[in-house]
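The values are calculated or read from the model by the stated rules, or taken from the named source; none is laboratory data. Since we're looking at a predicted model, the values are computed, not measured. Methodologically, a virtual Cβ is constructed for each residue, glycine included, from the backbone with ideal geometry; neighbour enumeration extends over all protein chains shown.
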Amino acid sequence: MSLVRSKNSRPELKVRKAVFALGYRFRLHDRTLAGCPDLVFKKARRVIFVHGCFWHRHGRCSLARVPKSRVNFWLAKLESNRLRDVTNQRRLKAAGWKVLTIWECQLKSAALVNYRLRRFLDAKR
Ligand SMILES: [Zn+2]
């Protein structure tokens, strides 16, 4: 489990590479948008978040297990992260943005990630 939470994480770099290879261009970490999305496709009004399973509490994911010590601390902290994600995505959607979340654990399958990226980015509004 990685306890380091950062922009430009390895999962995020993987997604950026995949999107770039599909021929899409994007901006990074737009702080003017709710939640500061990792990849921003302004003209298409789409954003992608790349979420670490631990920090963002991926449901029923083995990478999202809560540490055995200081359980209450972690539960409160991680749950507040999750709620913040929900709020941010709701705000983005209300402002007309389409939102895709790619989870760290999903990056094990490049084919699946490519499929999801293409479907999300190709879709006509
Ligand atoms: Zn996961």
(request) Quick one: Ala110 ticks every box in (1) at pLDDT below 95; (2) buried (at least 19 other Cβ atoms within 10 Å of the Cβ) except a single one, so which number is it? (result) (2)
(request) Would you be able to tell me the number of residues in the range 13-50 that are outside any strand (DSSP E or B) and not small (Gly, Ala, Ser)? (result) 22
(request) Evaluate the range 86-98: report whether one residue or more is within 16 Å of the ligand (Cβ to nearest atom) and either among the aromatic types (Phe, Trp, Tyr) or without any contact (Cβ under 8 Å) to a residue 60 or more places away in the chain (or both). (result) no
(request) Tell me, yes or no, whether the range 57-64 has at least one residue that is at positive phi and touching a Leu at 6+ places or on another chain (Cβ under 8 Å). (result) yes
(message) For the range 40-66, which positions are free of Cβ contacts under 8 Å to residues at least 60 places away in the same chain and either loosely packed, with under 13 Cβ neighbours inside 10 Å or not hydrophobic (A, V, I, L, M, F, W, C) (or both)?
(response) Lys42, Lys43, His51, Gly52, His56, Arg57, His58, Gly59, Arg60, Ser62
(request) For residues that are of a type in the set (Ser, Thr, Tyr) and not in a helix (DSSP H, G or I), scanning just the range 64-102, find the one that is nearest to Ala44 (Cα to Cα). (result) Thr101
(request) Taking Cys36 as the residue in question, decide whether it is touching a His at 6+ places or on another chain (Cβ under 6 Å), closer than 28 Å to Ala123 by Cβ and of a type outside the set (Val, Ile, Thr). (result) yes
(message) I'm told Cys36 meets every condition in (1) away from the ligand (no atom under 16 Å from the Cβ); (2) more than 12 Å from the chain's Cα centre (by Cα) except one. Can you identify the failing condition by its number?
(response) (2)
(request) Being within 16 Å of the ligand (Cβ to nearest atom) and assigned to a loop (DSSP other than H, G, I, E, B) narrows it down to one of Cys53, Cys105, so name that one. (result) Cys53
(request) Could you grab me the full set of residues in the range 67-100 that are surrounded by fewer than 17 Cβ atoms within 10 Å (Cβ to Cβ) and among the β-branched types (Val, Ile, Thr)? (result) Val71, Val86, Thr87
(request) Go through Ala76, Ala64, Ala111 for me and flag whichever is more than 16 Å from the ligand (Cβ to nearest atom), closer than 22 Å to Ser9 by Cβ and among the small types (Gly, Ala, Ser). (result) Ala111
